[in-house]
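The values are calculated or read from the model by the stated rules, or taken from the named source; none is laboratory data. Remember, predicted model here, so these are calculated numbers, not experimental data. Cβ placement follows ideal geometry from the backbone for every residue including glycine, while neighbour counts extend to all protein chains displayed.
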């Protein structure tokens, strides 16, 4: 099928001197489909985040953003910008000591926009490209935001922004009240604003000037508590929070919300228990603390290991088995359509339900009286498997470029980058330039990869027109 364009009366047409008539421009349907793919959801998100990282790199390169003269080294600016936009929190320079207030303000803006990216950019940019949002694109947005509606995308986007900003304002007020007694008024307000944005968006960046950073507040229940609450809320997603607000009884909640609300506390308790058990006697982490501080610190680590990136302990002093276990929590991350990273709780929950259903001899995966579509089970398995392969490639690249570091430390920092967590065993700033570039790619892929992959699989899913004859394969 071809569409023919011809000039209308009054149109200005430029012809070649030897051309007597304007030849009609013919555009095939296939060409229009190729053009539409350029602004399809997965691609527009990739382009948007890449553009944000580029802008952040340029801004952070300027002399006024850091202490000392001259421009910021390119690798430092690129790494920090990527870490901020992907709300990871890995750094190659101490944020409080290296970046000026201007540089820290740029980091705050990048975290704010990057955190809202998955909740709003998919909606905003598909509308602002100047074209009508197609049904396919609406389906992709609905999948990405974790909601059921197809209409009212602008209103939905505004509500998401209002909710996110509102939570961060509440966090800012709570932190400002506490910091008012610790710093000068201006410093107290700046510390509160920066850490409220960093906390809710799971950024993990800190500008505390105290020695040890966040560890200096491990006995301060107010600061630790507010950051934990902000991190948890940021990792729940808009859809889950709205579902809980509308249907306050657990039985009335949707299956997606139920899985998130069950898996989140389960992982928090499990992570807290394992960290407490492994580090209870370790003098370098929890050994010298009181019982109350040990419990609080273990809970804080469990919350932030899954995406937040804040820490009150030094991961260069933790046991190897602790780091290995925490790596698995970083890989899972938070809820889909939230600011958290990882393959997402929803993905892990669907895989777990499918495995349990198989063990119980059921033909279909089901939970809470609801069956999960086979299409979603396949997508969850696909996201999990491909993400595992990506992490394998990242770790292998780090091993080749930085073989002087032990494998577990490289694995920990690689998964931290892919899961956009921000925790480190202390090797990130010591990596070679090529190793730091590997982590830049890991942060970028980890931020957009599972999400864009899920949308791409949704876009490609269609009914089979032709099915082959079945044949059994030996399993196990």
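Summary table below
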| quantity | calculated |
| --- | --- |
| Residue list for region 369-403, restricted to those being outside any helix (DSSP H, G or I), touching a residue at least 40 places away in the same chain (Cβ under 8 Å) and surrounded by 15 or more Cβ atoms within 10 Å (Cβ to Cβ) | 372 |
| Residue within region 404-415 that is in a loop (DSSP other than H, G, I, E, B) and in contact (Cβ under 8 Å) with a residue 12 or more places away in the chain present | yes |
| Test: residue in region 91-105 that is within 30 Å of residue 450 (Cβ to Cβ), under 17 Å from the mean Cα position of the chain (by Cα) and in a loop (DSSP other than H, G, I, E, B) | yes |
| Meets criteria (out of contact with any helix residue (DSSP H, G or I) (no Cβ under 7 Å at 6 or more places or on another chain), under 30 Å from residue 111 (Cβ atoms), modelled with pLDDT under 95 and assigned to a loop (DSSP other than H, G, I, E, B)) for residue 68 | yes |
| Single condition residue 75 does not satisfy, out of (1) surrounded by fewer than 22 Cβ atoms within 10 Å (Cβ to Cβ); (2) more than 22 Å from residue 427 (Cβ to Cβ); (3) touching a residue at least 24 places away in the same chain (Cβ under 8 Å) | (2) |
| Within region 267-365, helices (runs of 4 or more DSSP H) holding 1 or more residues that are more than 27 Å from residue 256 (Cβ to Cβ) | 291-303, 320-332 |
| Top-ranked residue in region 159-184 [being more than 14 Å from residue 201 (Cα to Cα) and out of contact with any helix residue (DSSP H, G or I) (no Cβ under 9 Å at 6 or more places or on another chain); ranked as modelled with the highest pLDDT] | 184 |
| Breaking point among (1) touching a strand residue (DSSP E or B) at 6+ places or on another chain (Cβ under 9 Å); (2) surrounded by fewer than 19 Cβ atoms within 10 Å (Cβ to Cβ), for residue 406 | (1) |
| Selection count, region 178-211, where residues are more than 24 Å from the chain's Cα centre (by Cα) and without any contact (Cβ under 8 Å) to a residue 60 or more places away in the chain | 14 |
| Filter result for residue 422 (assigned to a helix (DSSP H, G or I), under 15 Å from the mean Cα position of the chain (by Cα) and surrounded by 22 or more Cβ atoms within 10 Å (Cβ to Cβ)) | no |
| Within region 352-368, considering residues that are surrounded by 15 or more Cβ atoms within 10 Å (Cβ to Cβ) and in contact with a helix residue (DSSP H, G or I) (Cβ under 7 Å, 6 or more places away or on another chain), the one nearest to residue 444 (Cα to Cα) | 354 |
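Residues are listed down the side, and each one gets a yes or a no for (1) farther than 22 Å from residue 89 by Cβ; (2) touching a strand residue (DSSP E or B) at 6+ places or on another chain (Cβ under 8 Å); (3) in a helix (DSSP H, G or I):
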site: 165; (1), (2), (3): no, no, yes
site: 171; (1), (2), (3): no, no, yes
site: 178; (1), (2), (3): no, no, yes
site: 181; (1), (2), (3): yes, no, no
site: 204; (1), (2), (3): no, no, no
site: 210; (1), (2), (3): no, no, no
site: 223; (1), (2), (3): no, no, yes
site: 228; (1), (2), (3): no, no, yes
site: 239; (1), (2), (3): yes, no, yes
